[in-house]
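Working notes for the structure below.
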Amino acid sequence: MSRPPLPVGTAGAIGFHRMSNGVIRARALFRDYDGITRPVTRYGHSKAAAERRLKIALRDRRGSTRDDKIAAATRVRDLSTAWLAETNDAELSDGTKDLDRRTLTKHVLPALGGLQISECDVPTVDRFLKAVRTRQGPSAAKTAKSVTSLLLGMAVRHGALSHNPVTGTAEIPRRARKRPRALTHDEEAHLLATFRADALAVADDIVDLTEFMLGTGLRIGEALGVRATVVDLDAGVLEVNAKATYKKGHGAVLEERPKTAAGWRIIALPDHIAELCRRRTTHTWTHNEHGLLFPTRTGAVRLPTNADRALRKALNRTDGYDWVTSHTFRKTVATRLDQAGLTAREIADHLGHEEPSMTQNVYMGRGVASTNAATALSPTK
């Protein structure tokens, strides 16, 4: 009975031989990925040195692929080039791609770029992530961990690593989360009244934007991406299918592809928000290219960072609201819907937290949040 062959990608026992010049030869048979078994040989001035060199050669050989484009000996910086090319074709938002590129350039490559893929073991990656957390904080470390995992995951798919070392790294401790705080009905009414009386807030077009976010729960980028064409005033609904964002090399742009399926949704509008949209479309739509409800003064796409800055200035001029941000408005909406007795499914559909059904009629079922949401967000009388 013949001896069974070595499993593909494995080596046999190591044999040693002292050469006539005193150098030690270490040799082992390795069955390559084409099924052919070949000898692998390395030399050293001692048995330990020869064995160490041979084991490194076998390790690198295990990581080789048939086309040898990505192997265990490939540098991480070269792997990143292939990964970026793959990422460019992925169904991801431009904002996500830009964040991944910045994280790769700023954090990952300076620390790991010169290493071979095989040298990216758990201790090395763990040490890197802890250093990012120490210097930049938990948020930056979490993003770096995600990008590193995606990067080395590509190496695993190509056989250059047997497993992703990121999975073995320590959890990144989060800062203690503050309890979510929402505006009360009285605070909301007071804040809007104060903004309406603030000439600078009016000039910065903060009043309507604030009321709109408090009446819909949209993220600020989503609110700035609303166009007249996505508002059905007769049906009293709004389709959320775009956001204003920054794109490197282009500046402020309108991104009409949601980051996730949950980003696309149709929400019912409270009467006062529908009226706000009617007024804005009448006076604003004809003055900007996209028909944006909340453009810049020149009719261009308004950056969320700029709108946030104007909002922050208005809040700083108002006593008692230093804790408020644009995201507080979204939390306020979530609180209102919860207090009104909406189900978790209804709230999720309205806020876009979970994947809605994309196969139902655009104004029926899961594709549109419950009309109870519009009722709950109407001002109290």
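The values are calculated or read from the model by the stated rules, or taken from the named source; none is laboratory data. If you're wondering where the values come from, they're calculated on a predicted model, not measured in any experiment. Methodologically, a virtual Cβ is constructed for each residue, glycine included, from the backbone with ideal geometry; neighbour enumeration extends over all protein chains shown.
At a glance:
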quantity	calculated
Index of the failed condition, V156 passing every other in (1) free of Cβ contacts under 8 Å to residues at least 24 places away in the same chain; (2) closer than 20 Å to F329 by Cα	(2)
L151 vs. criteria buried (at least 18 other Cβ atoms within 10 Å of the Cβ), touching a residue at least 12 places away in the same chain (Cβ under 8 Å), more than 16 Å from F329 (Cβ to Cβ) and outside the structural domain of I56 (by TED's automatic domain parsing)	yes
Segments classed as helices (runs of 4 or more DSSP H), wholly inside the range 74-115, with at least 1 members that are modelled with pLDDT of 85 or more and touching a strand residue (DSSP E or B) at 6+ places or on another chain (Cβ under 8 Å)	76-88
Filter pass, F294 being within 22 Å of A189 (Cα to Cα), at pLDDT 90 or above, buried (at least 20 other Cβ atoms within 10 Å of the Cβ) and in contact with a Gly (Cβ under 8 Å, 6 or more places away or on another chain)	no
One residue from A348, A369, A334, A340 being modelled with pLDDT under 90, surrounded by fewer than 17 Cβ atoms within 10 Å (Cβ to Cβ) and either in contact with a Cys (Cβ under 6 Å, 6 or more places away or on another chain) or in the same structural domain as L200 (by TED's automatic domain parsing) (or both)	A340
